[in-house]
Amino acid sequence: MFKTKILPLLARGVIRLFSATLRFSLQNTHYADEVHAKGQRVIFAFWHGRQFVLVWSHRNKGISIMTSLSEDGDLQTRILQGFGYHVVRGSSSRGGARATIAMMHKIEEGHDLAFAVDGPRGPAYEAKPGVAFLAARTNSVIIPVATAAQRYWRIRNTWDQYMLPKPFSNVAVRYGAPITVSETDDSEGKTKELEHALHKLTKELDEAIKRQ
């Protein structure tokens, strides 16, 4: 009862209260609008250690996201479902093939997807090829997403060096230019293109928010 109902409820309450103190800036939102206008779906790609801001900024938009089959994944699933996300269970190391097929079905149903491209276990800030594969198979478009906070804590004993914004900080979400992937494209090359785009976007946003 505690782990399945009470703990997720408490966690959502903390995230809600915490996020309400943050001052959000969403930048380049027109990229996703342009993709949707063409009748395509978006795969949002971000770094695992910078996802806290995105949980709140993208809530209740019907986005589908993958969580692991671990006990931590159980808690994450219940938290995300409470914020209006559609959750598919699986990871690159366990249940991956079944979860990938399920994510394809979500796109067919009209959902956008979201992926921590260096998850679930890293290495940090190195993109994995799953997103490029999905984009090619579903005619979807990848949009890199960077987040930054003016003031934050860095949780250094985690593999992803998780970034948690401090209360009442300015935080920013910036979308990068869309990346298209066809079935004839080199998946590894497109993955490197995405990784480079995310690094560049993150660096630019970090520098911009420091000047505020």
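Looking across the range 25-68, the residues that are touching a residue at least 24 places away in the same chain (Cβ under 8 Å) and of a type in the set (D, E, K, R) come down to E34, R41, R50, R59, K61.
Within the range 3-20, can one find any residue that is buried (at least 20 other Cβ atoms within 10 Å of the Cβ) and over 19 Å from H86 (Cα atoms)?
No, because not a single residue in the range 3-20 is buried (at least 20 other Cβ atoms within 10 Å of the Cβ) and over 19 Å from H86 (Cα atoms).
All told, M103 meets the bar of being buried (at least 16 other Cβ atoms within 10 Å of the Cβ), free of Cβ contacts under 8 Å to residues at least 40 places away in the same chain and over 19 Å from E193 (Cα atoms).
One residue stands out in the range 21-70 among those that are surrounded by fewer than 20 Cβ atoms within 10 Å (Cβ to Cβ) and among the charged types (D, E, K, R): the one that is nearest to the chain's Cα centre (by Cα), namely R59. A search for C-beta distances below 6 Å between a residue of the range 119-146 that is of a type in the set (D, E) and any residue that is assigned to a loop (DSSP other than H, G, I, E, B) and surrounded by 15 or more Cβ atoms within 10 Å (Cβ to Cβ), counting only pairs 6+ apart in sequence or on different chains, returns E126/D118.
Condition check ((1) more than 17 Å from the chain's Cα centre (by Cα); (2) on the phi < 0 side of the Ramachandran plot; (3) surrounded by fewer than 21 Cβ atoms within 10 Å (Cβ to Cβ)) across all residues:
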position: K128; (1), (2), (3): no, yes, yes
position: N139; (1), (2), (3): yes, no, yes
position: P144; (1), (2), (3): no, yes, no
position: P165; (1), (2), (3): no, yes, no
position: A177; (1), (2), (3): no, yes, yes
position: S182; (1), (2), (3): yes, yes, yes
position: S187; (1), (2), (3): yes, yes, yes
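Summed over the range 9-49, the residues that are closer than 29 Å to Q150 by Cβ, assigned to a helix (DSSP H, G or I), touching a helix residue (DSSP H, G or I) at 6+ places or on another chain (Cβ under 8 Å) and not β-branched (V, I, T) give a count of 4.
Scoring N157 on the criteria (1) within 24 Å of D33 (Cβ to Cβ); (2) free of Cβ contacts under 8 Å to residues at least 24 places away in the same chain; (3) polar (S, T, N, Q) leaves a single failure, condition (1). Tally up the residues in the range 189-212 that are among the basic types (K, R) and over 20 Å from the mean Cα position of the chain (by Cα), please. Final tally of qualifying residues: 2.
Bear in mind that the values in this text are calculations on the coordinates, not laboratory data. Remember, it's a predicted structure, so these values are computed and weren't measured experimentally. Every residue, glycine among them, receives a Cβ derived from its backbone with ideal geometry; neighbour counts consider all protein chains shown.
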